[in-house]
Amino acid sequence: MMSAQDQTGTGTSGMPGRPDGQLRGAGGGDAHRGPGLWAAVLAFGLLVVMTAGSVKVLRERGGSADDGSSRPFGLVTVVPKHNADGNIEAVAVLGGQRFEGGTVEFRSADAVAIMGHCVLDLRNARVLGEKATIDVVAIMGHVEIIVPADWEIVTGDMFSAGAVRNLARRTQAENPTKVRIDGAVLMGRLDVRR
């Protein structure tokens with residue numbers, strides 16, 4: 001026969017129990033773990049895949065992920081790649097770069113910062129037609145877009161899990177140029193200013 005003292009230390013299946021009647025071991029309260037480790041591993045894997053894909057796209061477009069001109073701290077000024085269609089491409093991956101458009105005619109622009117800092121200076125750019133679009137991707141990075149005084153920047157299709165600040169929504173110009181910004185900000189930041 002078991003005494004009352006022995007029975008409090010044993011669960012219904014003979015496994016050691018706690019005084020509140022809960023079992024220890026498989027399925028018990030002490031064995032439960034949250035998704036923290038698996039979520040961290042998944043997030044790191046996703047980050048590696050995104051970075052590798054971005055470097056591949058950059059190299060296919062004729063650039064280089066590390067051409068010796070980029071430094072991890074501070075911005076290096078470069079001329080963005082633009083084509084005859086009026087599209088400007090400015091990409092900063094794992095570094096900081098400032099892209100100065102000069103007096104280019106532009107219809108659309110792509111500004112990408114992946115764990116980096118991309119500044120796209122369009123103060124001297126001229127828009128082809130009545131309106132233009134800028135596509136932004138900021139993944140754990142910071143994109144700054146500097147626009148002329150006569151541009152009105154409208155936010156279009158934007159997915160944001162970060163900070164978006166548009167200081168160029170309104171202008172005092174009589175015939176403002178409409179420019180639309182689309183894109184995604186994931187754990188990053190987008191600033192539009194004059």
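The values are calculated or read from the model by the stated rules, or taken from the named source; none is laboratory data. This is a predicted model, so every value here is computed, not measured. When we count neighbours, we look across all protein chains shown, and the Cβ atoms used for this are built from the backbone with ideal geometry, even at glycine. Note: accessible area is taken over every heavy atom of the protein model, side chains too, but ligands, DNA and RNA are not part of it. Shrake-Rupley method; radii C 1.70, N 1.55, O 1.52, S 1.80 Å.
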Which sequence of SER160, SER108 reflects their accessible areas, 1.4 Å probe, from the largest down? SER160, SER108
Under the Karplus curve 6.51 cos²θ - 1.76 cosθ + 1.60, θ = phi - 60°, whole-Hz ³J(HN,Hα) for the stretch 86-92, x wherever Gly or Pro sits: x, 9, 9, 10, 10, 10, 10
Compactness summary of the stretch 155-194: radius of gyration and Dmax from Cα atoms, Å, are 11.6, 37
If you place +1 on the Cβ of every Lys and Arg, -1 on the Cβ of every Asp and Glu, and leave all else neutral, what size is the dipole of the stretch 101-194 about its Cα centre, to the nearest 20 Debye? 220
log10 of Debye I(q)/I(0), alpha-carbon scatterers only, for the stretch 82-194 at 0.18, 0.20, 0.21 Å⁻¹: -0.82, -1.01, -1.11
Ignoring ligands, DNA and RNA, how do ARG189, ARG170 rank by accessible area with a 1.4 Å probe, largest first? ARG170, ARG189
Order of exposure, largest accessible area first, which applies to GLU89, GLU130 with probe 1.4 Å: GLU130, GLU89
Long-range amide H partners of VAL127 with built H, under 5 Å: PHE106
Please express the shape of the stretch 116-175 as an equivalent ellipsoid: the semi-axes are the square roots of 5 times the eigenvalues of the C-alpha gyration tensor, given largest first in whole angstrom. 22, 13, 11
Estimated vicinal HN-Hα couplings, Hz - the stretch 184-194 in sequence order (Karplus 6.51, -1.76, 1.60; Gly, Pro = x): 9, 10, 10, 6, x, 8, 10, 10, 10, 8, 9
